[in-house]
Structures are given as C-alpha cells and as structure tokens.
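Please treat every number below as a calculation from the coordinates, not as lab data. Bear in mind that the values here come from a model prediction, so they are computed numbers and not experimental data. Using ideal geometry, Cβ is built from the backbone for each residue, glycine included, and neighbour counts are taken over all protein chains shown.
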C-alpha cells in the first residue's frame, strides 16, 4: 500500500502552476509592462552611467549599444505574449495596418506609459546619489550639468522644432520599415530565434546614424512618461518649456513616421511579392491540420504583429483569419 501511494503521488501532474492568469488581456498587459520596464530601466541606466560618470564609464556609442541590447532583452521578456512592442508608435502602426486590434491599443499604451514612468523612478533611485554629486544638488534641464536628459530626450541647441519633427518622423519611419522587412517571410526575414538581437541592432544603427540631433526617442510613450516623472521629481516645468516646447515633438512625430515607414515598405516591396506556385496571394498551404501559423512565421513575430494562430488556419491579421 505504501508503494502504491508513492506511485500515485508520482503520477500527479506537477507541470501546471497552482496560479495562472486566464484573462488574455491581463496576460498581454503584464507582459507588455514588464518588457517595456526592462527595456527602459536598462536603457536609461546606460545614459545615467555615462552622464554622471562624465565619460569615465562610457560614451554616446555605449548608450546606443546599451539601448539596443535593452530592446533585445525586452523582446525576449515579452515577445511571445504581447509581441513586445515597447513603443506606442509601433502599436499604433500595427493597428493602422490591421495587425493589432484597435481595442487593444489603449492597453498597450497604458502598459508602456506605466512601465516607462516606473523605470524612470527606479533609475532615479539607483543613481540618486550619483546625480546629486554630479549636479551639486541642482537639477537642471539645460547647461553643463544638466541631468534631465538621462530620462527624456531634448534637442541639440541648433535644432529647430521643424527640423526636430522631421528628424523624429524619419527615424521612426526607418524603425518601422526595418521591422516590417524583418518580419516579412516572403523576403529576407530575421533567422528564427535571432529576432530579438536583430531588432536590437536596428535600434543601435538608428542611434548611431540619427541620434545626435535629439537623442532618437522614436517612441512617444518612452519619452513622455519619464518627462512627467522628472517634472514631479524636481526638474519642474522646464522639462516642458525647454527646446521651445520640444516635449510634443517626440509625442506626435513618431506615430506619423511609423505609419509612413511601414506604408513605404508595404507599397514598395510587400504588395509586389509573387504568389506561391499554385496558390493565391493570401493562401499558403499547411502540411497537416494540426499545424499553425508558426509553420509560416516564427511565433514571436506572429505575436508581435498581432496575428492569430489556430489549427488549420492561416493568420492574415488581428481579429481575422483565413481557412486553408
């Protein structure tokens, strides 16, 4: 009897967690929050180290590399659950092109805003003494000892609002154009499993080529939430006045740039793919009924684009699918 009891206990299913979330929206929101938090905390940490270290612990290149790696880690954290947008412009663009349901946009934006705000608070706490020592306790937005740029982006002294607006539109357009290309399975997509690193390298490239004008925010939620935090934490309303009222540019320009960049790729490349032999444009055969869209695109990218994966169907967009 004792041996039988031990045998019965061994057959108990121990793989299922005792507590798990059944609500899909909650799971998606938590994943988007966490991956955004990781990306922002590590990215701003790189900036804080360079600024307060006065060049001893890095430079502009290390900020670019650090933010790129932070993005890659964020994709690893939430890629298969929320798609790890971590960027309001990405979420908005996916909605425009039907790859994310509009009703989910507020959830993504809210998660990104809260995560970015808390990440800024975290880095402020971690580097509080370093910031105080560097600035002499005087929290300023501009000048030789300015520290507000650790958390949000500000334009170079020579940059006009129009020039900055174009800078942000173009930078975000390049980001979304590259993301569309990397996820296009009919072209040259990122190798399966290597998507996070490649996306991080895209961010590094944009920083190294387009970062000097205004710090390449290319992300409205990444910029506005830490800016609000700094206004509360002691930098004051100057965070909104500086740069001739710069604050609205990284809030408005990136969504416009994202749609333009994704639209250009779609118009110049994606719409002109030849259909597969013996198939229509939208129809791709599955080998077996139990297969799903992971056979066509890596699941991390299906999730990133908001596609639905169900047996015997090919996902063609958020909320829509096509029978094979």
Volume per residue that the Cα convex hull of the range 88-135 spans, once the total is divided by residue count, Å³: 69 Å³
Hull volume in cubic angstrom per residue (convex hull over the Cα atoms of the range 24-271): 117 Å³
Cα-based convex hull volume of the range 135-185 per residue, rounded to whole Å³: 88 Å³
Relative intensity, log₁₀ I(q)/I(0), of the range 104-222 from a Debye sum that treats every alpha carbon as a point, q = 0.22 Å⁻¹: -1.29
Fewest-first sequence of 35, 178 by Cβ atoms within 10 Å of each Cβ: 178, 35
Spin-label pair residue 96/residue 268, simplified geometry with 7 Å Cα→Cβ offset, distance in nm: 1.6 nm
